[in-house]
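Student: Below is the structure I would like to discuss, written out as structure tokens.
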Amino acid sequence: MKIIKRLFLKKTGAVFLASLIVLCFLKQSYPQEVTKEEYEKLKKEYDILVVDRDNLLAQAKHFIENKKKIDELNELLKSTSAEKQRLEKELNARIEQINLLKQKIEELESAQTQLTQENAGLKNSLEKIEIEYRIIPETRKEIARLTKENTDILRDFKQLQAKIKSYEEERLDAEAQAESYRRQLNDFKKRYEQALAKNRALEQKISQVPKRFAELARENKILIKETALMHYNLGVFYTQNKEYSRAIAELEKAIELNPDDPYAHYNLGYIYAEYLVNRQKAIEHFRQFLRLAKSDDKDV
């Protein structure tokens, strides 16, 4: 950037000096030495020098603006990297907590299995005793205690499961946020490299701008048509799967992107006529189909 500024100052200084010389020469304008044709020629050269000077000033301003944008991207890259490190550290801590809770759940599951087996054994024994003997109060108390203990363990187990689910959701959110920051970081790096490349090739790209605008307009039209076709195909798919509300939403999106699509209107009319029984909307879409479809279309 410093080299560009020095070149700019040298060139603009030369242009300005040449402009002063020509201006002084024009002001003196000795009739016996300068003809009218020479005067006009010198005036044109002076005008060209003024235009060159203005162009150089505009280019310098553009280069300075690009330098400022690059500095801003550098600062944003630094802050994004720091946030990424913080999220990764927090994610690791969450994962460690989840692993500890999973271990605790495994222990509780083992204890629950053992208690279930013991409870089943006690029930079998109880049934046998009830046939031949009367159950003593102490046995009933022990059974009640074991039943309560089993219920408490089940309650604790469900609470831990809820905590695990909560931590899993938080971990997924943290991973998603970290992935978002990674993508932003990569995007900023790409934009930074593109900005540098754009500065190096700025003069070449200026001459290609009109052509590029035409290409972008053509690509945009193609993209809109492809997107409309995608929504149309989704509408047909949902219709075949009897998901008519979703089919209507996709077909309406296709019409929004491509208002001249007769078959989107045809499918909407078919859905309203055959499945949703909305005569007014069915007639409206069939009219649009007849208006847009070609005369030799077999569906017409």
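The values are calculated or read from the model by the stated rules, or taken from the named source; none is laboratory data. All values reported here derive from a predicted model rather than from experimental measurement. Note: ideal-geometry Cβ built from the backbone for every residue, glycine included; neighbour counts use all protein chains shown.
Student: Within the range 235-279, how many residues are farther than 23 Å from Lys225 by Cα and basic (Lys, Arg)?
Tutor: 2
Student: Please pick out the residue among Ala60, Ala82 that is of a type in the set (Gly, Ala, Ser) and surrounded by 15 or more Cβ atoms within 10 Å (Cβ to Cβ).
Tutor: On the way: Ala82 fails: surrounded by 15 or more Cβ atoms within 10 Å (Cβ to Cβ).
Answer to the check: Ala60.
Student: Right, another one. So, in the range 260-275, of the ones that are touching a Phe, Trp or Tyr at 6+ places or on another chain (Cβ under 6 Å) and over 19 Å from Lys294 (Cβ atoms), which residue ends up modelled with the lowest pLDDT?
Tutor: By that ranking, first place goes to Tyr275.
Student: Check whether at least one residue in the range 96-119 is not in a helix (DSSP H, G or I) and either not polar (S, T, N, Q) or not assigned by TED's automatic domain parsing to the domain that holds Lys190 (or both), and report yes or no. Can you show your working first?
Tutor: Restricting attention to the range 96-119, the residues satisfying the condition of being not in a helix (DSSP H, G or I) are none.
Looking for residues that are not in a helix (DSSP H, G or I) and either not polar (S, T, N, Q) or not assigned by TED's automatic domain parsing to the domain that holds Lys190 (or both), one finds none in the range 96-119, hence no.
Student: In a helix (DSSP H, G or I), within 29 Å of the chain's Cα centre (by Cα), surrounded by 15 or more Cβ atoms within 10 Å (Cβ to Cβ) and of a type in the set (Phe, Trp, Tyr) - does that describe any residue in the range 233-242?
Tutor: yes
Student: Taking Asn66, is it in a helix (DSSP H, G or I), at pLDDT below 80 and in contact with a helix residue (DSSP H, G or I) (Cβ under 8 Å, 6 or more places away or on another chain)? Walk me through it before giving the result.
Tutor: Working: in a helix (DSSP H, G or I): yes; at pLDDT below 80: no; in contact with a helix residue (DSSP H, G or I) (Cβ under 8 Å, 6 or more places away or on another chain): yes.
No.
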